[in-house]
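Worksheet for the structure shown next.
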Amino acid sequence: MRRVRSLAGQLMLWITVTITLLWLVAVGFGAFVMHDEFGEIFDSALQETAERLVPLVVDDLRHRDDPNDSRRIEATRGPVEEEYLTYQVRDATGRVLLHSHTAAARPFGAPLKVGFWQGEKGRIYTAATMDETIFVQVQDSAAERREATREGSLALLLPVLLIVPLTVTAVWFVVRRVLAPVETLRAAIGEKDGGNLAAIEAAGLPQELKPILRSVNLLLARLRAVLAAEREFTANSAHELRTPIAGALAQTQLLLAGLTDAPARGRARQIEASLQKLARLTEKLLQLARAEAGIGVAQTTFDVADVIGVVVTDFQRASDDAGRIRFQSELAGPALREGAADAFAIVLRNLIENALLHGSADAPVDICLTERGTVRIRNAATPMGEAELAAVRERFARGRTLAAGSGLGLSIADRLLAQMRASLVLTSPIPGRVDGFQAEIVFSVPA
């Protein structure tokens, strides 16, 4: 999967690369200019040295007893001092008359012509007397020129190695400061889901981001209005559907009470059973519709312990399996959570119904409210595998059971809990046991 990079990261990458390249180009251009300038300086030194040597050499040769003497001009010097300039004094025939300490007696390769000449070992300048009988050739070292250019380039590059990191650090700080409102808005929008549709506050946002915030808040307002309309429609539909089904079931029961013919009573009982099944399925479908409409999304809070107490009491009063339900609370005080109390009650009813229907008939259904506000509902049952636990979350999936049911209870509970920013964790077998089924409601954020 391709990694998604952040806007700040891309800005930092491109700014760093751009700054580094610009500095390197600047250093390269500076090194190129410096190389040309050094060349001009060295050439000027060569020419000036050669021209200054001409009258001195001529005067020296005139005062010598033997004009053919090619001894060096001696000078006091340190024994390890490096000589960058070497010279030779030659006559018109090319014979070396004088030469410096480190220059060889063999003539330089430069022709006897006034001007510059580029040799293998260095650059040579030739100066001559007016009658061009004496030539002075001065040579500098090519290695010295390269060393000067190299050291000058390093002198330009070393500050860059310090400036670029400092610049990148400053840019990183500025980018983070400038993009902080964008990160704040992104985080606020990321929190909006089926369980949180409240408007986003506009405090501290720059002018460029306010239109985006205004559009997002308008969209959230429209979503809240649509969900409210769907909830109202679902509530009205539930009433309209329950009434005719209940009326048909009552009429069938009255008809059944008045029938004496055995075959007719059998058919009437089948009709009664079908109507009861239709009533249960209608109730589940209406719960599913309400869950899809987002009834779990509410800007209110409820006490988990109070809702569990009400639901358990309803089951104990109206259910034939009231004696199987055991409720235990480990909380010392209230456990407030965000969401709608009626939506959480629907979740509990579905989970308890599943535990009663699909659990062992002679085993209890344990409901426990832990100290952290987590709700656990346990029942004895044949253990299930991971694939089965994933499958029973789907709509109309009933697993390996012969008990009556629609296969919608867990799907409805899962949907409603997601709207309340809670999760439904299914485990089988129960931890610490070899059998059983556990449904655990875990709230992510306390109210």
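If I ignore ligands, DNA and RNA and count only protein heavy atoms, how much of Arg267 is accessible to a 1.4 Å probe, in Å² to the nearest 10?
For Arg267, solvent-accessible area is about 140 Å².
Helix 304-318 sits at what angle to the longest principal axis of the chain, using alpha carbons and giving 0 to 90 degrees rounded to 10?
Helix 304-318 and the main axis of the chain meet at about 30 degrees.
Which GluC sites (Glu not before Pro) from the range 165-233 combine a DSSP loop assignment with at most 10 other Cβ atoms within 10 Å?
Glu208
Which value, in Å² rounded to 10, gives the accessible area of Ile212 with a 1.4 Å probe and all protein chains present?
Approximately 80 Å² for this residue.
Assuming a ≥ b ≥ c are the square roots of the Cα gyration tensor eigenvalues, decide whether the chain counts as rounded (a/c under 1.5), prolate (otherwise, with a/b larger than b/c) or oblate.
It is prolate, given that a/c is not under 1.5 and a/b is the larger ratio.
Ignoring any ligand, DNA or RNA, what whole percent of the accessible area of the chain comes from carbon and sulfur when the probe is 1.4 angstrom?
Ligands and nucleic acids excluded, carbon and sulfur give 59 percent.
So with the 1.4 Å probe, I'd like the accessible area per residue for the range 102-213, rounded to whole Å².
That works out to 62 Å² for each residue.
³J(HN,Hα) across the range 366-375 via Karplus (A = 6.51, B = -1.76, C = 1.60, θ = phi - 60°), whole Hz, x for Gly/Pro?
The phi angles translate into 9, 10, 10, 9, 7, 5, 8, x, 7, 9 Hz.
Accessible area per residue of the range 301-389 at 1.4 Å probe, in Å²?
Per residue, the range 301-389 has an accessible area of 48 Å².
Which values, in whole Å and largest first, are the semi-axes of the equivalent ellipsoid of the range 287-386 obtained as the square root of 5 times each eigenvalue of the Cα gyration tensor?
Details: eigenvalues 108, 58, 37 Å².
Equivalent-ellipsoid dimensions as semi-axes: 23, 17, 14 Å.
At 0.36 nm per residue, minus the direct Cα-Cα distance, what do Gln276 and Asp59 gain on full extension? Give it in nm, one decimal, please.
That works out to 64.6 nm of additional length.
Between Gln251 and Asp342, what is the FRET efficiency for a Förster distance of 22 Å, r being their Cβ-Cβ separation, to the nearest 0.05?
Computed FRET efficiency for Gln251 and Asp342 comes out at 0.15.
Dipole of the range 188-310, Cα-centred, from +1 at each Lys and Arg C-beta and -1 at each Asp and Glu C-beta, to the nearest 20 debye?
Roughly 440 debye, rounded to the nearest 20.
Given a 1.4 Å probe and heavy atoms of the protein chains only, how would you sort Leu213, Leu24, Leu11, largest accessible area at the top?
Details: Leu213 5, Leu24 90, Leu11 70 Å².
So the residues, ranked largest to smallest area, are Leu24, Leu11, Leu213.
Return one number: the angle in degrees, 0 to 90 and rounded to the nearest 10, between the long axis of the Cα atoms of helix 7-62 and the longest principal axis of the Cα atoms of the chain.
Value to nearest ten degrees: 0.
What percent do you get for the relative contact order of the chain when only Cα pairs under 8 Å and 6+ apart count?
Numbers: 583 pairs, mean separation 48.0, N = 447.
It rounds to 11 percent for the chain.
Let me cross-check Met384: its accessible surface, 1.4 Å probe, with only protein heavy atoms counted, in Å² to the nearest 10?
Answer for Met384: close to 40 Å² accessible.
Sorting Trp172, Trp14 by accessible area (1.4 Å probe), largest first, what list results?
Trp14, Trp172
Going by average Cβ neighbours within 10 Å, how do the peptides 254-266, 305-317 rank, with the highest at the top?
Values: 254-266: 11.1, 305-317: 16.0.
The densest-packed peptide leads the list: 305-317, 254-266.
Just reorder Val182, Val304 by solvent-accessible area, largest first, 1.4 Å probe, all chains present.
Greatest to least solvent exposure: Val182, Val304.
Would you mind telling me the antiparallel percentage of the DSSP bridges in the chain, rounded to 5?
Counting only bridges with both partners in the chain, antiparallel ones make up about 90 percent.
In a Gaussian network model over the chain where Cα atoms closer than 10 Å are linked, find which of Ser360, Ser329, Ser141 has the largest mean-square fluctuation.
Residue with maximal mean-square fluctuation among Ser360, Ser329, Ser141: Ser141.
Starting from 0.36 nm per residue, how many nanometres of slack lie between Lys121 and Leu13 once their C-alpha separation is accounted for? Mind dumping the intermediate values first?
Details: separation 108, 0.36 × 108 = 38.88 nm, distance 4.58 nm.
Separation in residues times 0.36 nm, less the Cα-Cα distance, equals 34.3 nm.
If Rh is defined by the Kirkwood formula over all Cα pairs and Rg also comes from Cα, what ratio Rg/Rh do you get for the range 199-339?
On the Cα set of the range 199-339, Rg over Rh gives 1.18.
Could you check the spin-label model distance between Asp91 and Asp131? Points 7 Å from the Cα along Cα→Cβ, value in nm.
1.2
Determine, from the Cβ-Cβ distance of Leu219 and Thr169 and an R0 of 30 Å, the FRET efficiency 1/(1 + (r/R0)^6), rounded to the nearest 0.05.
It comes out at approximately 0.15.
The values are calculated or read from the model by the stated rules, or taken from the named source; none is laboratory data. As the structure is a computational prediction, the values presented were derived from the model and not from experiment. Methodologically, a virtual Cβ is constructed for each residue, glycine included, from the backbone with ideal geometry; neighbour enumeration extends over all protein chains shown. We work out accessible area using only protein heavy atoms, side chains counted, and drop any ligands, DNA or RNA first. Shrake-Rupley method; radii C 1.70, N 1.55, O 1.52, S 1.80 Å.
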